[in-house]
Amino acid sequence: MDEHTFRDGARTLGETANAALLAQLSSSIEEQAAEATFAQPGKSDPAAARSVQVPITNSQAKYCRPNTSGNLEQLIKDCQPATFGFKGKDVYDESYRKASKLDASAFCSSFNPYELGIIDTIAQVLLPSIKEAKNMRGVRAELYKLNIYSGPSGKFQAHVDTPRSDSQFGSLVVCLPCDHEGGELIIRHQGKSLSFDWSNSALGEPAVPCVQWAAFYSDCEHEVLEVQSGHRITLTYNLYVSRGSGNLAGNCPWMDPKQLPLYDTIQRMLQVPGFMMKGGTLGIWCSHAYAHSSEPSVHNLPSSLKGVDMAMYEIFRALGLQVAVRPILDTLPDDDYSAEEDEEDDANSLRRSRGDVIGKGLRKFAVTELSTQYHRMDDIYEEWGEFYRDEVVWLSKLRHREPAVAFLAYGNEASVAAIYSGAALIVKIPPFLKRNV
Ligand SMILES: O=C(O)CCC(=O)C(=O)O
Ligand SMILES: [Fe+2]
């Protein structure tokens with residue numbers, strides 16, 4: 001009988017097997033999810049491994065490809081015994097750690113984890129689970145040590161790395177291509193453990209040398225098991241959260257806004273007594289479209305401003321002016337309404353004598369149950385969030401809008417309507433006598 005004829009009632013054999021497989025797959029996905037989030041392995045393409053060199057700067061600047069024996073001997077000679085931190089002191093104890101090291105200040109290497117995309121990958125996989133990194137998109141890797149664990153008994157017993165600062169979230173260990181056996185790196189987290197075997201036998205036959213690496217969070221205990229033979233050479237990096245690309249406006253000390261062409265123009269304008277003599281507010285609509293009324297994007301501004309928006313923001317800041325990205329409501333005609341105005345209006349001319357409605361911060365789209373029949377527009381704006389009114393002198397045209405707040409509109413028939421907002425740079429210009437430019 002065809003197994004599909006069992007449809008009602010008992011499961012077919014095929015279905016049972018399928019369900020079991022699915023359950024198995026589902027539990028291993030759950031497990032993987034827990035595992036994958038605390039440590040991340042990787043392997044370079046062999047070409048990258050062939051080109052790795054470690055020039056040593058503390059003896060006569062020799063180039064060392066770890067596997068070429070003359071150079072390797074010299075590298076080993078140049079190293080010092082590796083200590084470890086214990087009760088606030090650096091301790092040397094071979095029963096706990098048997099290795100030698102070079103400090104980052106004593107060598108440089110042609111190996112660059114950024115070039116191989118390792119740092120980008122870490123940012124994508126490990127960063128999202130870090131609460132402190134909510135608005136951070138980047139990872140900065142700082143070279144810390146070169147370590148050599150040599151056979152027959154090189155090792156480092158279970159320990160947790162000492163974070164070097166609050167922004168450190170993990171460590172990266174990169175294993176350079178050098179023949180060795182043993183020396184697995186074991187990483188443990190909340191009862192789970194992962195093992196990374198970078199030895200020759202794990203490479204398979206024929207062994208193609210490659211650079212292998214693992215990155216893990218600072219709270220992971222880890223250990224290097226005994227190396228049986230050869231030399232296991234690693235570079236260790238401290239990993240810090242940082243503002244990554246696309247997240248730098250307002251946090252970019254290496255950009256000099258004074259060099260931007262608009263800086264001089266704006267500065268000269270501020271020096272003219274007749275320019276906004278009594279002070280006022282300038283508004284520049286963002287020229288790029290930003291998601292400015294949805295979670296979590298409201299938290300990404302101003303740091304994710306780009307192009308001319310970022311340049312303007314930095315220029316105003318450099319001039320010592322108060323500048324912020326704010327949502328501005330397309331206030332409805334009722335705000336100051338007369339029927340004739342309704343006909344010729346565009347979004348800008350809807351802003352009326354009572355001034356623009358400016359949100360005190362970016363906020364997500366709000367749905368209200370208020371209606372224009374029973375409530376004033378100001379009540380609806382309040383549901384949107386805290387706002388103030390100001391007479392803004394607009395320097396650019398509104399380009400992008402997003403729905404900001406929904407309400408019930410009454411006309412011939414009741415309908416749901418939305419008020420839109422645009423994101424703008426709002427700049428406070430002090431009175432002439434108080435300008436410091
Ligand atoms: O070299 C390794 O695999 C890890 C070294 C280590 O844990 C450390 O230097 O703290
Ligand atoms: Fe460590």
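The values are calculated or read from the model by the stated rules, or taken from the named source; none is laboratory data. These numbers come from a predicted model, not from an experiment. Counting neighbours? That spans all protein chains shown, and the Cβs are built from the backbone with ideal geometry, glycine included.
How about the range 153-162: which of its residues are in a loop (DSSP other than H, G, I, E, B) and in contact with an Asp or Glu (Cβ under 9 Å, 6 or more places away or on another chain)? Write out each step before concluding.
Restricting attention to the range 153-162, the residues satisfying the condition of being in a loop (DSSP other than H, G, I, E, B) are 153-154, 160-162.
Once the filter is applied, which keeps residues that are in a loop (DSSP other than H, G, I, E, B) and in contact with an Asp or Glu (Cβ under 9 Å, 6 or more places away or on another chain), the range 153-162 yields Ser153, Gly154, Val160.
What pairs can you find where one residue is in the range 136-152 and assigned by TED's automatic domain parsing to the domain that holds Cys178 and in a strand (DSSP E or B), the other is of a type in the set (Ser, Thr, Tyr) and near ligand 1 (Cβ under 9 Å from one of its atoms), and their Cβ atoms are less than 7 Å apart, with a gap of 6+ or different chains? Listed pairs, sorted by first residue: Tyr144/Thr236; Lys145/Thr236; Asn147/Thr234; Asn147/Thr236. Selection of the range 366-420 for residues being surrounded by 16 or more Cβ atoms within 10 Å (Cβ to Cβ) and in contact with a helix residue (DSSP H, G or I) (Cβ under 8 Å, 6 or more places away or on another chain) yields Ala366, Thr368, Leu370, Thr372, Met377, Phe387, Trp394, Leu398, Ala404, Val405, Phe407, Ile419.
Considering the range 286-330, and only residues there that are crowded, with 20+ Cβ neighbours inside 10 Å and part of a strand (DSSP E or B), the residue that is nearest to the chain's Cα centre (by Cα) turns out to be Val325. Restricting Leu282, Leu270 to those that are under 24 Å from Ile328 (Cβ atoms) and touching a Lys or Arg at 6+ places or on another chain (Cβ under 7 Å) reduces the list to Leu270.
From Gly117, Gly154, which residue is exposed (fewer than 14 other Cβ atoms within 10 Å of the Cβ) and farther than 18 Å from Phe38 by Cα? Let's see the steps before the verdict.
Working: Gly154 fails: exposed (fewer than 14 other Cβ atoms within 10 Å of the Cβ).
Result: Gly117 is the single residue among Gly117, Gly154 that is exposed (fewer than 14 other Cβ atoms within 10 Å of the Cβ) and farther than 18 Å from Phe38 by Cα.
Suppose the filter is of a type outside the set (Val, Ile, Thr), crowded, with 18+ Cβ neighbours inside 10 Å and either at pLDDT below 90 or part of a strand (DSSP E or B) (or both); does Ala423 pass it?
Details: of a type outside the set (Val, Ile, Thr): yes; crowded, with 18+ Cβ neighbours inside 10 Å: yes; either at pLDDT below 90 or part of a strand (DSSP E or B) (or both): yes.
Considered against the rule, which asks whether it is of a type outside the set (Val, Ile, Thr), crowded, with 18+ Cβ neighbours inside 10 Å and either at pLDDT below 90 or part of a strand (DSSP E or B) (or both), Ala423 comes out as yes.
When residues in the range 54-90 are screened for being more than 30 Å from Gln190 (Cβ to Cβ), modelled with pLDDT of 65 or more and either assigned to a loop (DSSP other than H, G, I, E, B) or not assigned by TED's automatic domain parsing to the domain that holds Leu172 (or both), 1 of them pass. Val174: in contact with a Pro (Cβ under 8 Å, 6 or more places away or on another chain) and surrounded by 13 or more Cβ atoms within 10 Å (Cβ to Cβ), yes or no? So Val174 passes the test.
Residues are listed down the side, and each one gets a yes or a no for (1) within 13 Å of ligand 2 (Cβ to nearest atom); (2) touching a Gly at 6+ places or on another chain (Cβ under 6 Å); (3) not small (Gly, Ala, Ser):
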residue: His159; (1), (2), (3): yes, no, yes
residue: Gln168; (1), (2), (3): yes, no, yes
residue: Ser171; (1), (2), (3): yes, no, no
residue: Gly182; (1), (2), (3): no, no, no
residue: Lys192; (1), (2), (3): no, no, yes
residue: Ser195; (1), (2), (3): no, no, no
residue: Leu203; (1), (2), (3): no, no, yes
residue: Leu248; (1), (2), (3): no, no, yes
residue: Cys252; (1), (2), (3): no, no, yes
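If you go through the range 193-216 and keep only what is more than 16 Å from Cys178 (Cα to Cα) and without any contact (Cβ under 8 Å) to a residue 40 or more places away in the chain, you end up with Ser193, Ser195. Being out of contact with any strand residue (DSSP E or B) (no Cβ under 9 Å at 6 or more places or on another chain), assigned by TED's automatic domain parsing to the domain that holds Asp356, over 22 Å from Val393 (Cα atoms) and of a type outside the set (Val, Ile, Thr), is that true of even one residue in the range 280-295? Yes - at least one qualifying residue is present in the range 280-295.
Does Glu142 fit the bill of being charged (D, E, K, R), away from ligand 2 (no atom under 14 Å from the Cβ) and closer than 25 Å to Gly230 by Cα? No: the conditions fail for Glu142.
Candidates in the range 157-170 are the residues that are among the small types (Gly, Ala, Ser) and surrounded by fewer than 23 Cβ atoms within 10 Å (Cβ to Cβ); of these, the one that is modelled with the highest pLDDT is Ala158. Scanning the range 149-173 for residues that are closer than 14 Å to Leu235 by Cα and near ligand 1 (Cβ under 9 Å from one of its atoms) yields a count of 3.
The combined condition, being of a type in the set (Phe, Trp, Tyr), surrounded by 14 or more Cβ atoms within 10 Å (Cβ to Cβ) and within 16 Å of ligand 2 (Cβ to nearest atom), is fulfilled by Tyr237.
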